[in-house]
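> So that we are looking at the same thing, I have put the structure below in structure tokens.
Just so it is clear, none of the values below were taken in a lab; they were calculated from the coordinates. Here the structure is a predicted model, which means the values were calculated and not measured. FYI the Cβ positions are ideal-geometry reconstructions off the backbone, even for glycines, and counts take in every protein chain you see.
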Amino acid sequence: MDQRRNGHLKHQNMETTTVKDHKKGAFLERFSNADALVNQLPKLQEEAKIALEQIELPNRRTESWKYTRVNKIIKQEWHAGDSSIDIDKSLFPNWNASRIVLVNGVYRDDLSNIMAEDGLSVSSMKSALAQQRDLIHSHCGSLSAHKEDLFEAHNLVSAEDGFCLLVGKNALLKESVLVENYISGNDVAAINRNLIILEKGAQLNMIVANYSDENEVIFSNDLSEVFVGENAQFTCDLVQNHLGQEQFAINTIWANQERNSRFTLSTSTLKGNWVRNNVNVRVSGENCETNLYGTYQLREKQHVDNHTMIDHKVPHCESNEHYKGILYDQSTGVFNGKVFVRQDAQKTNAFQQNANIVMSDEAHMNSKPELEIYADDVKCSHGSTTGQFDEEAVFYLMARGISEQNSRELLVKAFIGEVLEKIHHPEVKALFGEEE
Amino acid sequence: MKGLNLTINPGEVHAIMGPNGSGKSTLASVLAGNEDYEVTGGSVDFDGVDLLDMDASERAKEGLFLAFQYPVEIPGVSNINFLRAALKEIHEYKKIDQLTAKEFLAKVKEKSALVELDGKLTNRSVNEGFSGGEKKRNEIFQMAMLEPKMAILDETDSGLDIDALRIVAQGVNAMRSPERSFLLITHYQRLLDYIVPDFVHVLYKGQIVKSGPKELALELEEKGYDWIKEEMAI
């Protein structure tokens, strides 16, 4: 009897696996692309192919996807979008420095506008692969986790374009570079892969803005590899504004820092029905500074998941991480921040903080700071707080004559403000109603 | 509160004393519009309007001020910015001209000097990292900035050393005028040496059980509250 039950169970398991394989296969099939960049990068293609065969679809037991469901992405009949459509909107209409425009994952020469500046070179990944083959071969896929993560492997096999930005040795770019990444259409999937390379002593400030419109069904999987060379300084403000209900955005950044360099990234999720951000920084050289900031204010059924990883491999480095969010209605948030301090990484200072205010009984926040420290002479701290709105403070402000609505807005701003002030570009701060 | 009647005329200073749990702070919270309290009956006529019809913010705009017993710390909101926001709304409500930035700063300087509040504190987040005395002085500073018709001071003197008490009292006295009324809620007669009231009331079990001139406070200080309880029993 027992044996029979066991046999029965076993059979069921096999069936589930087959169904999952079938789902995964059908999903990946939609993205098979003869024009994918990876077709010219055989080693990476092989690695990704093996990974896609071996890695299961994420489910509740997959630690890194525990709180974020991917079923809807897997089920949907995605197709490539029209990359030649006209785009008439921007969060930064008055931008008058360099602008890179991607439409549905494809670099648009006609809409991009690159200022002639010493040391700056920008092109599409497609043309970089044709003209700077060695550069792409030595960098593309050298940081990303396409061997371990299904969606990173998916990005690698599907992306047919993106941008490649190089800042040459000792080039200090005076003007910031704006990257606008539009996704538009219905059942449209936009997959792009970017390279950002800062050579020794280079400096780059950039804004990356990802948009999609209301009433469109969209999936984007956007991956950037950032190489911050020795003594280079990289600052990026990432803005996400996905206005529609059925929109799924995965945004992955992999960075490597050489010694004496600085990497600063802020992620502002203005709106997003389903957003997954992965920020991974390998600190490979001594005396580096790494700063990660993030804000999210979620309403209705929005779901935003911020996964970060900072890997301190060498001594005398500092990292600061500060994510703050407010959750209204039935929204859910996830924060998972991993910091590794390897055995050799003595004298590391690593600080991490995630704070949340939950405004409704139906909103949820899942916050998990993870520190793994193998060195013994380090200063590390992490904290996670999730609480209710301070109603006493509301009453205090109201008792001074400030209306209830303004009191609440003032307190929300004050809470988020600590992170907002870390945003580099006033143009991005202005999106939060801050004065420039 | 169990049926409390009190009339405060313009320019008068009333002190309310009473043992712990008599309802002193409840009275302050109810008047200011704290929504943790429900008013089941009665009315509060404030210069022709019923306060109970209004939320805390509207009451403040009508000219009511509460100096909190426990001022709230609000990280990230600067003292100055929040007062600017409050004054802006009050001026809009009263349809009077807004202060210019220069006028506002001059006012901050003048009023903070009144309670010897350090300029650094006026720029910091509301009450964050303030000492007990600084918090209470900050309450009086805010009162001076907002220039209410009536101010309720809820145990502003509790926990203050004599120097801080003197500064707070000096601020209040400077604000006294024929148009402005005060309701002082206190445990201790000591405050009334510095801010001399026109009337003293004893609150007990949610009612005013005795009213008298300022000398009543001295009597309470000397004899405690038991004699009043006995008097009531008779």
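> Please give the FRET efficiency for A:E148 paired with A:N287, using the beta carbon to beta carbon distance and R0 = 35 Å, rounded to the nearest 0.05.
Step by step, r from the Cβ atoms, then E = 0.75.
> Quick check on my link table: of A:K324/B:K135; A:K24/A:K324; A:K413/B:K102; A:K338/B:K135; A:K301/A:K422, which ones sit more than 32 Å apart, alpha carbon to alpha carbon?
Values: A:K324/B:K135 28 Å; A:K24/A:K324 34 Å; A:K413/B:K102 25 Å; A:K338/B:K135 40 Å; A:K301/A:K422 28 Å.
Check vs 32 Å cut-off fails for A:K24/A:K324; A:K338/B:K135.
> Given +1 on the Cβ of Lys and Arg, -1 on the Cβ of Asp and Glu, and no further charges, what dipole in debye does chain A carry about its Cα centre, rounded to the nearest 20?
Rounded to the nearest 20 debye, it is 1100 debye.
> Once you list every other residue whose beta carbon is under 15 Å from the beta carbon of A:G244, what net charge do they have if Lys and Arg are +1 and Asp and Glu are -1?
For residues surrounding A:G244, the net value is -1.
> Please find the FRET efficiency linking B:E38 to A:R299, where r is the Cβ-Cβ separation and R0 is fixed at 30 Å, and quote it to the nearest 0.05.
0.50
> Name the residue farthest towards the positive end of the dipole of chain B from the options B:L105, B:N173, B:G159, assuming +1 on Cβ of Lys and Arg, -1 on Cβ of Asp and Glu, about the Cα centre.
Positive-end residue among those listed: B:L105.
> How crowded by other chains is A:415-423, given as the mean number of beta carbons from other chains within 10 Å of each beta carbon?
Mean shielding by partner chains, rounded to a whole number: 1.
> Counting only residues 5 or more places away or on other chains, whose amide H sits under 5 Å from the amide H of A:N336 once H atoms are built in the peptide plane?
Excluding prolines and chain starts, which carry no amide H, the hits are A:N306, A:H307, A:T308, A:K368.
> Would you work out if the stretch A:95-185 is rounded, prolate or oblate? Take a ≥ b ≥ c from the square roots of the eigenvalues of the alpha-carbon gyration tensor; rounded if a/c is under 1.5, else prolate when a/b is larger than b/c, oblate otherwise.
It comes out oblate by the Cα gyration axes.
> What fraction of the DSSP beta bridges in the protein assembly as shown is antiparallel, stated in percent and rounded to the nearest 5?
Counting only bridges with both partners in the protein assembly as shown, antiparallel ones make up about 10 percent.
> Here's another thing I want to ask about it. Just to confirm a number: summing +1 for Lys and Arg and -1 for Asp and Glu over residues other than A:Q40 whose beta-carbon lies under 14 angstrom from that of A:Q40, what do you get?
Surrounding charge for A:Q40 is -1.
> Just list whichever of A:K23/A:K49; B:K136/B:K210; A:K20/A:K43 have alpha carbons separated by over 23 Å in the model shown.
B:K136/B:K210; A:K20/A:K43
> When the label point is put 7 Å from the Cα of B:E222 along its Cα-to-beta-carbon vector, which residues of the stretch B:156-189 have a backbone N closer than 20 Å?
B:187-189, by backbone N distance to the label point.
> A follow-up question, please. So how far apart, in nm, are the two label points at B:N81 and B:Q98 if each is 7 Å from Cα heading toward Cβ?
For B:N81 paired with B:Q98, the spin-label model returns 1.6 nm.
> If you put +1 on each Lys and Arg Cβ and -1 on each Asp and Glu Cβ, how big is the dipole of the stretch B:76-168 around its Cα centre, in Debye rounded to 20?
Values: 15 positive and 16 negative charges, 85 e Å.
The dipole magnitude comes to about 400 debye.
> Next question. Of A:Y211, A:N39, A:T290, which is farthest towards the positive pole of the protein assembly as shown's charge dipole, taken about the Cα centre with +1 and -1 on the beta-carbons of Lys, Arg and Asp, Glu respectively?
The residue sitting farthest along the positive end of the dipole is A:N39.
> Averaged over B:61-70, how many beta carbons belonging to a partner chain fall within 10 Å of each residue's beta carbon?
Per residue, the number of nearby Cβ atoms from other chains is 2 on average.
> Amide H of B:Q207 versus every other amide H placed in the peptide plane: which residues, excluding those fewer than 5 positions away on the same chain, fall under 5 Å?
Here the answer is B:K2, since their amide H atoms fall under 5 Å of that of B:Q207.
> Would you mind counting up the charge near A:D311? Only other residues with Cβ under 11 Å from its Cβ, with Lys and Arg at +1 and Asp and Glu at -1.
Combined, the nearby Lys, Arg, Asp and Glu give +3.
> Say each of A:E370 and B:A106 gets a label point 7 Å from the Cα, pointing the same way as Cα to Cβ; how far apart are those two points in nm?
Taking the two extended label points, one gets 6.1 nm.
> Same structure again: Tell me, what is the FRET efficiency for A:D134 and A:A34 to the nearest 0.05, using R0 = 22 angstrom and their Cβ-Cβ distance as r?
0.40
> From the cross-link list A:K347/A:K429; A:K271/A:K379; B:K24/B:K149, which pairs have alpha carbons spaced over 27 Å apart?
On the way: A:K347/A:K429 34 Å; A:K271/A:K379 35 Å; B:K24/B:K149 21 Å.
Where the Cα-Cα span goes over 27 Å, the pairs concerned are A:K347/A:K429; A:K271/A:K379.
> Summing -39500 (n - 2.57) over the DSSP H runs of n ≥ 4 in chain A and dividing by its residue number, what mean residue ellipticity at 222 nm do you reach, to the nearest 500 deg cm²/dmol?
Calculated at 222 nm, the ellipticity per residue is -7000 deg cm²/dmol.
> Let me ask something else about it. Identify, among A:L243, A:N277, A:N181, the residue whose Cα sits farthest towards the positive end of the charge dipole of the stretch A:172-288, taking +1 on the Cβ of Lys and Arg and -1 on the Cβ of Asp and Glu, with the dipole about the Cα centre.
Of A:L243, A:N277, A:N181, it is A:N277.
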